[in-house]
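The values are calculated or read from the model by the stated rules, or taken from the named source; none is laboratory data. Model, not experiment: these values are computed from the prediction. Cβ: placed from backbone, ideal geometry, glycine included. Neighbour counts: every protein chain shown. Just the protein is used for accessible areas: all its heavy atoms, side chains included, with ligands, DNA and RNA removed. Shrake-Rupley method; radii C 1.70, N 1.55, O 1.52, S 1.80 Å.
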Amino acid sequence: MWIATIVSNIGTWMHEVGAGWLMTSLSSSPSMVALVEAADTLPVMLLALPAGAIADIVDRRRLLIAVQVYFLIVIGALALLTALDMTTPWGLLAFTFAVCVELPSAIALNSVGINISRAIGPAIAGVLVASVGVWPVFALNALSCVGILAVLLRWRREHHKSSLPAERFLSAIRVGLRFVTHTRTLQAVLIRGAAFFVFASATWSLFPLVVRRELGRGPEVYGLLLTCIGIGAVAGAMLLPRLREKISRSAMVACASALYALAALALAHLHNVGLLMVAMLATGVAWIAILAALQVSAQLTLPAWVRARGLAAFVVVFMGGMALGSILWGQVATWIGIPAALTTAAIGMVAAIGLTWSFRLVDGRAPDFTPSMDWAAPLVAETPEPDSGPVLVTIEYRVDPARRAEFVAAMRDVREMRRRNGAFFWELFHDSAHPTRFLESFMDESWTEHLRQHERVSVSDREVQRRANQFLVKGESTKSTHWLADR
């Protein structure tokens with residue numbers, strides 16, 4: 001699977017070179033050229049969350065087979081139209097958008113694999129575009145899907161069944177969004193990512209025009225410089241384990257952002273291809289360091305039941321920053337010129353380091369997301385309908401009078417735990433007649449969704465609850481009640 005993915009990614013990077021260079025032939029407008037990058041990333045931004053919900057619900061093998069067939073048809077059609085000289089600027093953007101509509105559902109197995117292909121694909125594409133034209137690049141990208149398709153058809157995936165029915169699509173999206181909004185460590189990843197990608201998109205979106213207009217070179221130099229980025233990324237991936245022993249992930253993102261900004265300044269103001277090759281090697285090192293730090297930090301915050309949706313949130317920020325940034329920097333380049341636009345983006349990137357420094361990324365070991373399965377089954381006199389709801393759960397606490405404030409502070413973490421596991425409402429009350437008697441209440445959308453909370457509670461969540469329970473009156477325990485809505 002990994003080898004087939006590398007082959008397919010080589011085709012993808014060849015396609016990137018072909019599409020970017022073809023647009024410089026069809027239009028000289030910086031805005032139109034930058035829109036290629038926007039069309040490449042905008043569908044992922046728009047569809048990543050629904051795709052993440054689907055990936056957490058359906059059989060991923062069948063989903064990926066459908067994706068590869070779709071790629072084969074759409075990219076093959078683009079190759080045919082380009083060979084017949086029927087591709088227009090807006091047609092190229094439409095096909096680029098169509099290709100990337102299914103991209104959120106495709107799984108990238110390994111960042112090193114992606115960048116190995118990035119080191120090979122652009123070099124092949126540069127030679128092909130210079131000697132034959134753009135259409136063979138698109139055709140080879142279509143054929144590169146065949147390898148993954150063949151592996152997927154042979155793969156017999158092991159299934160891990162839950163006793164509960166699969167989540168429903170819209171409910172899965174809502175629960176995924178609740179997890180994101182109530183997980184501070186994941187929010188830090190998204191903020192740091194957004195601050196980088198909006199400015200980093202300037203390099204990718206304006207790259208073809210820098211080579212064609214500022215350097216006056218052809219597709220072979222464009223492919224060569226992109227290959228340098230891939231080589232730098234692979235080399236950077238090999239160095240990352242040693243760097244991680246010395247600096248935190250937050251510091252790594254900051255240092256790599258500064259390096260990326262310096263490389264953007266070199267792209268804006270240098271015209272020597274040899275020096276630009278060095279700058280692009282640095283770009284690759286910085287790019288893989290930032291992506292790896294952010295992706296690993298995101299992974300460390302995600303239990304298995306919501307992993308695809310949590311990573312989809314990261315992809316929305318990643319691709320959203322690239323898409324919207326590409327549109328922005330295309331317009332800026334039209335107004336003030338390409339070198340000035342790249343310089344402005346580099347300055348913004350450095351400023352973002354200081355503005356986001358307080359949002360620290362996860363270091364050390366991940367929380368233990370192993371399901372604890374220590375919630376007792378709810379007591380029911382009659383079996384509720386699976387979709388009946390909402391369900392109100394109340395939990396009574398008798399708290400040590402001297403430790404009320406500590407208990408309330410600990411319950412803030414309990415609130416976040418309940419909300420990220422699916423509850424849409426949470427509140428803590430105290431008895432006006434007996435201030436040490438507290439009532440926690442939270443609501444789930446349905447009876448089935450509440451039972452999912454029983455499956456989702458992890459060893460780490462159990463520790464959150466234990467910290468709150470340590471403030472109870474000695475010898476007291478909590479009392480839980482489940483309330484079903486009558487309609």
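So, in the range 451-484, how many residues would count as being of a type in the set (Gly, Ala, Ser), more than 17 Å from residue 428 (Cβ to Cβ) and over 32 Å from the mean Cα position of the chain (by Cα)? Summing the residues that are of a type in the set (Gly, Ala, Ser), more than 17 Å from residue 428 (Cβ to Cβ) and over 32 Å from the mean Cα position of the chain (by Cα) in the range 451-484 gives 2. Listed by first and then second residue, the pairs linking a residue in the range 213-225 that is of a type in the set (Ser, Thr, Tyr) to a residue that is outside any loop (DSSP other than H, G, I, E, B), with Cβ atoms under 7 Å apart and 6 or more places separating them unless they lie on different chains, are 222/17; 222/21; 222/126; 222/208; 222/211. For the range 237-258, a residue qualifies if it is open to solvent by less than 70 Å² (accessible area, probe 1.4 Å) and at pLDDT 85 or above, and the qualifying residues are 247, 248, 249, 250, 251, 252, 253, 254, 256, 257, 258. Within the range 266-276, the set of residues being part of a helix (DSSP H, G or I) and open to solvent by 60 Å² or more (accessible area, probe 1.4 Å) comprises 269, 275.
Among the residues that make up the range 71-80, is at least one of them modelled with pLDDT under 80 and either under 28 Å from residue 178 (Cα atoms) or not polar (S, T, N, Q) (or both)? Taking every residue of the range 71-80 in turn, none turns out to be modelled with pLDDT under 80 and either under 28 Å from residue 178 (Cα atoms) or not polar (S, T, N, Q) (or both). Among residues of the range 340-353 being open to solvent by 40 Å² or more (accessible area, probe 1.4 Å) and not small (Gly, Ala, Ser), the one that is nearest to the chain's Cα centre (by Cα) is 350.
Here is the figure for the range 355-392: residues that are over 22 Å from residue 448 (Cβ atoms), open to solvent by 60 Å² or more (accessible area, probe 1.4 Å) and modelled with pLDDT of 85 or more total 7.
So in the range 165-181, with the set limited to residues that are open to solvent by 30 Å² or more (accessible area, probe 1.4 Å) and not charged (D, E, K, R), which one is nearest to residue 352 (Cα to Cα)? Taking the candidates together, the pick is 181. With respect to the conditions (1) hydroxyl-bearing (Ser, Thr, Tyr); (2) modelled with pLDDT under 95; (3) touching a Ser or Thr at 6+ places or on another chain (Cβ under 6 Å), residue 446 lacks only one, and its number is (3). In the range 286-302, the residues that are in a helix (DSSP H, G or I) form Cβ pairs under 6 Å with partners that are buried (at least 23 other Cβ atoms within 10 Å of the Cβ) and among the small types (Gly, Ala, Ser), at six or more places apart or across chains, as follows: 286/256; 287/233; 288/233; 288/236; 289/236; 289/256; 290/256; 294/193. Scanning the range 199-236 for residues that are assigned to a helix (DSSP H, G or I), of a type in the set (Gly, Ala, Ser) and open to solvent by 30 Å² or more (accessible area, probe 1.4 Å) gives a single hit, 235.
On the given criteria, is residue 194 open to solvent by 10 Å² or more (accessible area, probe 1.4 Å), touching a residue at least 60 places away in the same chain (Cβ under 8 Å) and of a type in the set (A, V, I, L, M)? Yes; evaluated as a whole, the condition is true for this residue. Restrict the check to the range 304-323 and report whether at least one residue is in a helix (DSSP H, G or I), farther than 30 Å from residue 455 by Cβ, open to solvent by 20 Å² or more (accessible area, probe 1.4 Å) and not polar (S, T, N, Q). Among the residues of the range 304-323, at least one is in a helix (DSSP H, G or I), farther than 30 Å from residue 455 by Cβ, open to solvent by 20 Å² or more (accessible area, probe 1.4 Å) and not polar (S, T, N, Q), which makes the answer yes.
For the range 253-260, the condition of being in a helix (DSSP H, G or I), touching a helix residue (DSSP H, G or I) at 6+ places or on another chain (Cβ under 6 Å) and of a type in the set (Ser, Thr, Tyr) holds for at least one residue.
Before we move on, is residue 331 farther than 28 Å from residue 55 by Cβ, open to solvent by 10 Å² or more (accessible area, probe 1.4 Å), part of a helix (DSSP H, G or I) and not aromatic (Phe, Trp, Tyr)? Taking the combined requirement at face value, the residue satisfies it.
Screening the candidates 440, 449 for the property of being outside any helix (DSSP H, G or I) and either in contact (Cβ under 8 Å) with a residue 12 or more places away in the chain or loosely packed, with under 14 Cβ neighbours inside 10 Å (or both) yields one hit, 440. Being within 32 Å of the chain's Cα centre (by Cα) and open to solvent by 30 Å² or more (accessible area, probe 1.4 Å): is that true of residue 428 here? So residue 428 fails the test. State all residues of the range 371-405 that are part of a helix (DSSP H, G or I) and touching a residue at least 24 places away in the same chain (Cβ under 8 Å); if no residue qualifies, say none. Selection gives 401, 403, 404.
The residue list 18, 91, 11 contains one member that is assigned to a helix (DSSP H, G or I), without any contact (Cβ under 8 Å) to a residue 12 or more places away in the chain, within 15 Å of residue 135 (Cα to Cα) and not polar (S, T, N, Q), which is 91.
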